[in-house]
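Following: one structure in structure tokens, then a few remarks.
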Amino acid sequence: MGQTISEKIFSRASGKEVFANEFVEASVDCAMSHDNSLQIMKILQKLGVSHLAQPQNIVIILDHRSPAPSEHVAANHQFIRAGVRQFRIPHFFDIGEGVCHQLLVEKGFVKPGMLIVGSDSHTTTYGALGALGTGIGVTDMAAVWMTGKLWFKVPESIRITITGSLPDHVYAKDLILFIIGKKGADGANYNACEFYGDIFADMSLDSRLCIANQSMEMGVKAALIPPQERDAASFCFADTDATYVESIEYDISHLEPQVACPDQVDKVRPVSEVTDVSINQAVIGSCTNGRIEDIQQAARIVKGNTVADHVRLLIIPASRAIYLEAIRRGYLQTLVKAKATILNPGCGPCLGLHQGVLAEDECAISTTNRNFKGRMGSLASSVYLASPATVAASALKGSIADPRESMK
Amino acid sequence: MKFSGKALKLGDNINTDLIIPGKYLHLEDPVELAQHVLEGLDGDFVKTYQKGDILVVGKNFGSGSSREQAALALKYAGVQTMIGTSFARIFFRNANNQGIYLFESQEAVNDIESADWIDIDSSTWTISNTTKKRQYNLQPLPEFLLAILENGGLVPYLRQKEKTKI
């Protein structure tokens, strides 16, 4: 009987042949956590655990509130640094290195066919490299640190095939927002999605990471784009006779830039239906869209122009390496000349904690992955999600704008 | 396990930002967290909710962030069990790990109204609506999940396991 990618990865990780809906205890290849390592360490201290099963598989990255915006957070970071030494965790990245999901990929921790857990919902990102990445909470993560293992239900899989190619100024972000709009916020809850189509053969890693990351917003357990290198191990690919709970095909040849409207990621409209919504803040960054091609899209659009008077344009490179490359290529100079503010690598204002919190009645357009009520600050503020090109075009105009117009 | 309580109905797609907004994530005291539970949805929720009330929710409850503080805030507000159309997967795990029993039943959610008196029996896998004199059947939870729940969550469960080893 044929297997999906998830069934193959869980079979390898649990040491027996398994299929969808079976419960397994699987060995975890890599375990990522961020600022919430604090809670994980406290749970283990409460349990009296000092010896971890496989500390070499644990990666900790401080990114959610970095650098510390308050004395309280500073104390938490201090606690985590001490814990890293106490638990002898070799892979620790302090503030300013970057966003967890970008760093894990950039530093080579992610390989096709791996089973990776993260105490962060957007752990699905690693599917861009054909690894099964999935989010868990801190108590589950404490169990992983203790034992190196965790229980899972093998997910049923949805096969999504993309046909056609992206029109000019339409990007991976538009593609995945479009799919989320069609599937709904719970359209893939408990399921793994596998992505197919010629489009992936020459799609950049930056774009694939965006798709796998943003897919979380339709509830996926994992979002898998099979490795493009055909010589990858056979457990990284599905069998031709694998069973899918659903097979869908989307033709994207005529796709417009897409915008997810407040307060749900599945409230997706073509940009032409939401132009002229006035904005106060434009954000380009995050684990979804803070990579070099994203900053490039933004720099191209703002080059020689200035951000609208009433708009704050925030740029957050997703890692130190991306930051350096954006400097080398002159993108940051272009953006700063256009009156953008550059923030240090990290999660920035994505979850409303610091660095660009919204006041009552303010509106932002952002390349981040969530637009929930109050996500970026006040419960009476609102967030629209779009591609870096759409966000940059909107920053110039002062209201939501079609990037195809700015590039004319 | 048996639960009895008054139903309090909520809608679809209630995400973890609504359950506990990001600005409270630095709070470590679960009692303090509980004072802000569901504040994003309804500023008066903590006043309306009475300890032991059974939350009856629509689809995709707990979607979004993996923040376990969502389950923790509900637990310390007095939520022991919930009935829903569906729960988002990370929230499902977190709630189990905190010892909150989650039951999925579309039929029950359609039928139950706020203030109905509800009895849940996990030995017979049934929900009884005393007010409407109706019964709904549940899918049994797997044994190992029940073991975690019966111990009050994953941490007490692991502690118990350690003790029996010695």
How large are Rg and Dmax for region A:19-106 when only the alpha carbon atoms are used, in Å?
14.4, 49
Counting only heavy atoms of protein chains, what accessible area per residue, in Å², does chain A have with a probe of 1.4 Å?
35
Any chance you could list P(r) for the protein assembly as shown, counting all Cα-Cα pairs in 10 angstrom bins from zero, rounded to whole %?
4, 18, 29, 28, 16, 5, 1, 0
Quick one: length gained pulling residue A:247 to residue A:277 fully straight, 0.36 nm per residue minus the C-alpha distance?
7.2 nm
For the pair B and A, total buried accessible area rounded to nearest 100 Å², probe 1.4 Å:
3300
Only Lys, Arg, Asp and Glu count, each charged at its Cβ (+1, +1, -1, -1), so figure out the dipole size of the protein assembly as shown about its Cα centre, rounded to 20 debye.
1300
Can you tell me what the convex hull of the Cα atoms of region B:1-88 projects to on average, as an area in nm²?
5.3
Spatially proximal lysines relative to residue A:111 (Cα-Cα < 20 Å; intrachain offsets below 8 disregarded)
A:8, A:149, A:221
Of all DSSP beta bridges located in region B:50-136, what percent are antiparallel, nearest 5?
45
Cα-derived Rg to Rh of region A:7-251, Kirkwood definition
0.98
Pseudo-spin-label distance residue B:111 to residue A:231, built 7 Å along Cα→Cβ, given in nm, is 6.1
Could you tell me which of B:164, B:79, B:152 has its Cα farthest along the dipole of region B:2-165 towards the positive end, charges placed at Cβ (Lys, Arg +1; Asp, Glu -1), taken about the Cα centre?
B:164
Violating pairs (Cα-Cα greater than 22 angstrom) within the set B:75/B:133; A:183/A:408; B:9/B:47; B:23/B:75:
B:75/B:133; A:183/A:408
Run the accessible area of chain A with a 1.4 Å probe and give the carbon-and-sulfur part as a rounded percent.
48
Can you compute the modelled spin-label distance between residue A:51 and residue A:94, with each label point 7 Å from Cα toward Cβ, in nm?
3.1
Residues hit by the 20 Å² burial cutoff in region B:47-63, accessible area with a 1.4 Å probe, assembly against chain on its own, are B:59, B:60
Sort out for me the Cα centre separation of region B:125-148 from region A:1-16, rounded to whole Å.
32
Karplus-derived 3J(HN,Hα), 6.51/-1.76/1.60, for each residue of region B:122-138, Hz, glycine and proline x
7, 8, 9, 6, 9, 10, 10, 9, 5, 4, 8, 6, 10, 10, 10, 8, 10
If the only charges are +1 at each Lys and Arg Cβ and -1 at each Asp and Glu Cβ, what is the size of the charge dipole of region A:260-406 around the Cα centre, to the nearest 20 debye?
540
Starting from the alpha-carbon convex hull of region A:260-406, give the projected area averaged over all orientations, in nm².
7.3
For region B:111-166, the percent of accessible surface on carbon and sulfur atoms (probe 1.4 angstrom, ligands and nucleic acids excluded) is 52
Among A:32, A:364, A:270, whose Cα lies farthest out toward the positive end of the dipole of chain A, if unit charges sit on the beta carbon of Lys, Arg (+1) and Asp, Glu (-1)?
A:32
Rounded to the nearest 5, the percent of DSSP beta bridges in region A:7-251 running antiparallel is 15
Which distance in Å, rounded to a whole number, links the C-alpha centroids of region A:42-99 and region A:230-299?
32
I want to verify a result. In a Gaussian network model of chain A, Cα cutoff 10 Å, which of these has the top mean-square fluctuation: A:379, A:332, A:314?
A:379
Those residues of region A:186-234 for which accessible area with every protein chain present is at least 50 Å² below the isolated value (1.4 Å probe):
A:186, A:189, A:190
Per residue accessible area of region B:2-165, 1.4 Å probe, in Å²:
41
Averaged over every viewing direction, what's the projected area of the C-alpha convex hull for region B:83-151? Give it in nm², one decimal, please.
4.7
Check: C-alpha center region A:171-223 vs C-alpha center region A:123-164, spacing in Å is 14
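The values are calculated or read from the model by the stated rules, or taken from the named source; none is laboratory data. If you're wondering where the values come from, they're calculated on a predicted model, not measured in any experiment. Please note: Cβ atoms are built from the backbone with ideal geometry, for glycine as well, and neighbour counts cover all protein chains shown. Each accessible area value is taken on the protein alone, full model and side chains, heavy atoms only, with ligands, DNA and RNA left out. Shrake-Rupley method; radii C 1.70, N 1.55, O 1.52, S 1.80 Å.
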